[in-house]
Structure formats: C-alpha cells, structure tokens
Amino acid sequence: MKVGVLAVQGAFAEMKAFWRAQGAEAFEIRQPPDLERGLDLLALPGGESTVQGKLLADLGLFAPLKARIEDGLPVFAVCAGLILLAENIEGDGTVWFGSLPVTVKRNAYGRQLGSFATQGVFDGRPGVPMTFIRAPAITAVAPGVEVLSTFDGAPTAVRWRGITAFTWHPELAHRPAVFTAI
Ligand code: GLN
C-alpha cells in the first residue's frame, strides 16, 4: 500500500514511521508533483492546523488534495488533520477541507490537561494507548458517522466513508497491529 503523508508541518516523521512499521510504502507530500507518485491513502499528521492550512494553500496543495478527498481517496487523519477535515470548527468561521461532517473544538482540554495519555477501547479493542496532545474535541457528529472511541463520553475517533480521524495520536501508540484494518 502506498501512503502519502502530508509533510508541510507537524508530526509527519512519526506518521511516516508508523505506516512504514506496518509495511506500507510511505512517502512525503510536500508539493503537488508528489501527488503524482500515486497513493492509496492520504495521512494527515498532527501539528498546528492553522499553519498547515495556510501552507497547503501557499504550496498549491490545497485544491488538489481537496479534490482527491472528495473523489474518495481514503484518509487517515490525526488531531490537526481532523481539524483540517472537519465541516465545522467551534467558535471559528474557518473551514479547511470541510469533508468530514463533524464539529470540532480546538484545544478542548484546556491548559492543565492540554496533553495526557490514557487507554481506551478503539473499534471494539480494549487497552489501546491513547495520547492526547493539545487535542481537539469532537462535539457533534452527523448521522452516519461511526464513533470508534470515546473519552468522557465524547467521540475521540470517527469513521465516515473512507475517512478515519482521531483526536488522539494512534501513530504514537506503538501498537500498529491494532490499526491494520484501517
Ligand atoms: N492544537 C492543534 C490545533 O489546533 C492540534 C494539536 C495536534 O495536532 N496534536 O491545530
């Protein structure tokens, strides 16, 4: 499987290592020609969504990526990547790709609990390590969006059509086998 990892800002090295550990051919997407290498999955890493969104536009990647996502290219999105995909960002008129019918709230866990690690059930599997790093919360999901994990009763991972998106960092979990079905 060929995985294109968006590599304009943030934790793309970890994302690339995660997919390579699963035997995928993972490569970086830094500019439009990188998309011509052919990809079976787009991986959107954690980082700073506002910076990533601006860089995507500046680099000419935004429109081609949006078109491919809308064409059904499978996407694996983490944290800032989820924010880039969300249809709504609470308290913010900004919409980036707007391809995933959920509402997110950025930096939802406040300063004290900004980053933390826990374990939980992911897609029916218990004991999955979940690392939250200045994570957003998913505050609303449209009908048809499948919730794969929750924390304190709120969704923390969702699947919709070809998109799987996390508020936590599965690529830091060191349990790649858990995610092979994605
Ligand atoms: N706080 C970041 C944002 O709002 C997301 C953090 C992350 O990707 N770990 O974009």
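Residues that are closer than 19 Å to E14 by Cα and among the hydroxyl-bearing types (S, T, Y) within the stretch 31-79 comprise just one, S49. Number of residues in the stretch 2-26 that are modelled with pLDDT of 95 or more, away from the ligand (no atom under 16 Å from the Cβ) and in contact with a Pro (Cβ under 6 Å, 6 or more places away or on another chain) equals 0. Taken over the stretch 142-161, the criterion of being under 16 Å from the mean Cα position of the chain (by Cα) and surrounded by fewer than 17 Cβ atoms within 10 Å (Cβ to Cβ) is satisfied by E146, V147, T150, R159, R161. Taking the stretch 32-138 and the helices (runs of 4 or more DSSP H) fully enclosed by it, the elements with 2 or more residues that are within 15 Å of the ligand (Cβ to nearest atom) are at 49-58, 80-85.
Within the stretch 92-125, the set of residues being closer than 13 Å to P136 by Cα, at pLDDT below 90 and out of contact with any Lys or Arg (no Cβ under 9 Å at 6 or more places or on another chain) comprises G110, R111, L113, F116.
This table checks each residue for (1) in contact (Cβ under 8 Å) with a residue 12 or more places away in the chain; (2) under 19 Å from T167 (Cβ atoms); (3) surrounded by 17 or more Cβ atoms within 10 Å (Cβ to Cβ).
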| position | (1), (2), (3) |
| --- | --- |
| F18 | yes, yes, yes |
| P32 | yes, no, no |
| L42 | yes, yes, yes |
| E48 | yes, yes, no |
| P101 | yes, yes, yes |
| Q119 | no, yes, no |
| G124 | no, yes, no |
| V128 | yes, yes, yes |
| A135 | yes, yes, yes |
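The values are calculated or read from the model by the stated rules, or taken from the named source; none is laboratory data. No experiment lies behind these values; they were computed from the predicted model shown. So basically every Cβ, Gly included, is an ideal-geometry build from the backbone, and we count neighbours across all protein chains shown.
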